[in-house]
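Peer 1: Quick one: the structure is below, questions incoming.
The values are calculated or read from the model by the stated rules, or taken from the named source; none is laboratory data. Remember, predicted model here, so these are calculated numbers, not experimental data. Cβ sites come from the backbone with ideal geometry, for glycine too, and all protein chains shown count toward neighbours.
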Amino acid sequence: MLSRIFRDFQGDIIAIPGRLIALIFLLLLFIVPAFTQQPYILRILIFTNMFTIFAVSWDFISGYTGQMNFGHALFFGVAAYVTAMLNRGAPLGPHWPIWITIPLGALAAVVAGVLMCLPALRLRGPYLALVTLAFPLILQGIIFSFTQFTGGELGISGIDRITESRVADYYISVVVMIVSVFIMWKLTDAKSSLVRTGIIMHAIREDEIAARASGINTIRYKLFAFAVGGFFAGIAGALYAHFLRIAGPSSLDLTLSFQAIIWTVFGGIVSIYGAVVGTFILYPLTESLRFISEYRMLIFAVIVVLILLFMPEGIAVWIRDKIERQCPRCKLTNVAWRHTCRACSADLY
C-alpha cells in the first residue's frame, strides 16, 4: 500500500514540474511563521490567502463556464454582512459563534449566486456582464437605506476575532485556502475520473449551443457554477469580516470585483492555479508599494500591462509551458527537457 502511494506520488507530483513547484510553495506557506512573525507580514499573507479564494472562485464561474461576472464582490459582501449581523447579535437576535456564522455567510452567498445566475440563463456576453455589475450596486443601495441594521457607511463593527493569535489566524487562512482551491480544482479538472463536472464546464465555455445539443443541461451547470463560486467567495468574505472585525460597504466595492479579474488574468485564466499565482504576486506587491503611494497604481498598471503584453495567457501558464511538455501520443505530462515520453517513449519534439 505504501509503495503504491509512493509510486503515485513520484509519477503524479515529483515527475511534473508544475505540481512539484506547487508542493514546495505549500510547504513554504506552512513554515513562514518559523522565519518571521511580524504582524504586518502575516497580515498581508492572511489577506492574500483570503483574496486567493476569492479570485479562484471568480475563475471557477467566469473562466470555466464563460459567464462573464463583473459583480463578483456581491458574494464577498453578502457573506461579510450576514456573518457580521449574526455574530453581532442585536437588534436581529442572539449572538452566534464564529463556527456557525462563517458557514451561514457562505450559504447566504450561495443564495446570492443563484439569484445572480437567473439573468445568465437568458443573457450572454456584455449584456450579462452589465447585469452582474448592477447587483453589488443594488445591495449597496439597500445597505444605505436600512442603516439601523447595516450601519450605513460605517458598517457593522465589533464582531468577534477568528482567534487571539495572528499566527493562528495565518494557519487557519492557509488551511482554508488550500482546501478551497483543491476542491475547485478537482471540480474543474476535465481529466478527473471521479467528478465529471470539469469536462462539462469546459464544453459549455467552448460552445454552449453544441453542449446543449449534446444533451447537457446547461442551466443546471450554470446554477452549479454560480452556487459553488458564490460559496467559496462567501467563505473569503466571512473570514475577511471576522479578521477585520468589521463589514462595510467597501466589501461590495466594484474595484474588488475588477481586482479578482486582474489577479486571475495576470496569472492565467481557466487554470485555477493562475489565480493563485496572480494573487500571490500582485496583492503583496501593491501592499509593499504603499510607501510610494503616489506612484503605486502607476507601477502596478505598468507591470500588469507588460506581463499581459508579452505573456497574454498569463504568467503561470507561460511558465508552465516552458517547463512542461505533453506527450502527443499518451497525453502524459513530462518535463520540457526530456526528448522522449517517460511512459510510452514517444518523441516529444
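Peer 1: Of everything in region 150-181 that's touching a helix residue (DSSP H, G or I) at 6+ places or on another chain (Cβ under 7 Å) and surrounded by fewer than 15 Cβ atoms within 10 Å (Cβ to Cβ), which residue is modelled with the highest pLDDT? Full working, then the answer.
Peer 2: The initial filter retains those residues of region 150-181 that are touching a helix residue (DSSP H, G or I) at 6+ places or on another chain (Cβ under 7 Å), namely 150, 152-153, 155-156, 158-163, 166-167, 169-170, 173-174, 176-178, 180-181.
Imposing the further condition that a residue be surrounded by fewer than 15 Cβ atoms within 10 Å (Cβ to Cβ) reduces the set to 153, 158, 161, 167.
Details: 153: 85, 158: 85, 161: 90, 167: 94.
Restricting to residues being touching a helix residue (DSSP H, G or I) at 6+ places or on another chain (Cβ under 7 Å) and surrounded by fewer than 15 Cβ atoms within 10 Å (Cβ to Cβ), the top hit is 167.
Peer 1: Turning to a different aspect of this structure: So, of the residues in region 175-210 that are without any contact (Cβ under 8 Å) to a residue 12 or more places away in the chain and among the small types (Gly, Ala, Ser), which turns out to be farthest from residue 277 (Cα to Cα)?
Peer 2: Per the criteria, the residue is 210.
Peer 1: Quick check: anything in region 9-18 loosely packed, with under 11 Cβ neighbours inside 10 Å and modelled with pLDDT under 75?
Peer 2: Scanning region 9-18, I find at least one residue that is loosely packed, with under 11 Cβ neighbours inside 10 Å and modelled with pLDDT under 75, so the answer is yes.
Peer 1: Would you mind stating whether residue 260 is in a helix (DSSP H, G or I) and farther than 21 Å from residue 132 by Cα?
Peer 2: Criteria not met by residue 260.
Peer 1: While we're here: Please pick out the residue among 159, 183 that is out of contact with any Pro (no Cβ under 6 Å at 6 or more places or on another chain) and outside any helix (DSSP H, G or I).
Peer 2: 159
Peer 1: Something else: Can you say whether residue 22 is assigned to a helix (DSSP H, G or I) and either touching a strand residue (DSSP E or B) at 6+ places or on another chain (Cβ under 9 Å) or closer than 21 Å to residue 184 by Cβ (or both), as far as the supplied structure shows?
Peer 2: Yes; evaluated as a whole, the condition is true for this residue.
Peer 1: Just checking, how many residues over region 189-215 are buried (at least 17 other Cβ atoms within 10 Å of the Cβ) and either at pLDDT 90 or above or among the aliphatic types (A, V, I, L, M) (or both)?
Peer 2: Total satisfying the criteria: 5.
Peer 1: List every residue pair whose Cβ atoms lie under 8 Å apart, where the two residues are 6 or more positions apart in sequence or sit on different chains, the first residue falls within region 99-118 and is crowded, with 16+ Cβ neighbours inside 10 Å, and the second residue, located anywhere, is not in a helix (DSSP H, G or I).
Peer 2: Filtered contacts from region 99-118: 104/96; 116/69; 116/71; 117/67.
Peer 1: Here's something else I'd like to know. May I ask you to verify whether residue 128 is crowded, with 17+ Cβ neighbours inside 10 Å and in contact with a Cys (Cβ under 7 Å, 6 or more places away or on another chain)?
Peer 2: Numbers: crowded, with 17+ Cβ neighbours inside 10 Å: yes; in contact with a Cys (Cβ under 7 Å, 6 or more places away or on another chain): no.
No; evaluated as a whole, the condition is false for this residue.
Peer 1: Counting only residues that are at negative phi, out of contact with any Gly (no Cβ under 6 Å at 6 or more places or on another chain) and touching a residue at least 12 places away in the same chain (Cβ under 8 Å), how many does region 66-98 have?
Peer 2: So the count comes out to 20.
Listed here are the residues, each with its yes/no results for (1) touching a Phe, Trp or Tyr at 6+ places or on another chain (Cβ under 6 Å); (2) modelled with pLDDT under 85; (3) in a helix (DSSP H, G or I); (4) within 26 Å of residue 25 (Cβ to Cβ).
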site	(1), (2), (3), (4)
241	no, no, yes, no
251	yes, no, yes, no
256	no, no, yes, yes
277	no, no, yes, yes
283	yes, no, yes, yes
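Peer 1: Filter region 312-335 down to residues that are assigned to a loop (DSSP other than H, G, I, E, B) and in contact (Cβ under 8 Å) with a residue 40 or more places away in the chain and give me whichever is surrounded by the fewest Cβ atoms within 10 Å (Cβ to Cβ).
Peer 2: First, the residues of region 312-335 that are assigned to a loop (DSSP other than H, G, I, E, B): 312-314, 327-332.
After this cut, where a residue has to be in contact (Cβ under 8 Å) with a residue 40 or more places away in the chain as well, the list is 313-314.
Numbers: 313: 17, 314: 24.
Filtering first and then ranking leaves 313.
Peer 1: Mind checking which residues of region 222-250 are among the small types (Gly, Ala, Ser) and under 15 Å from residue 103 (Cβ atoms)?
Peer 2: Of the residues in region 222-250, the ones among the small types (Gly, Ala, Ser) are 225, 227, 229-230, 233-234, 236-238, 241, 247-248, 250.
Once the filter is applied, which keeps residues that are among the small types (Gly, Ala, Ser) and under 15 Å from residue 103 (Cβ atoms), region 222-250 yields 227, 230, 233, 234, 236, 237, 238, 241.
Peer 1: Of all residues in region 60-99 being over 19 Å from residue 244 (Cβ atoms) and part of a helix (DSSP H, G or I), which is modelled with the highest pLDDT?
Peer 2: Across region 60-99, the extreme among qualifying residues is 60.
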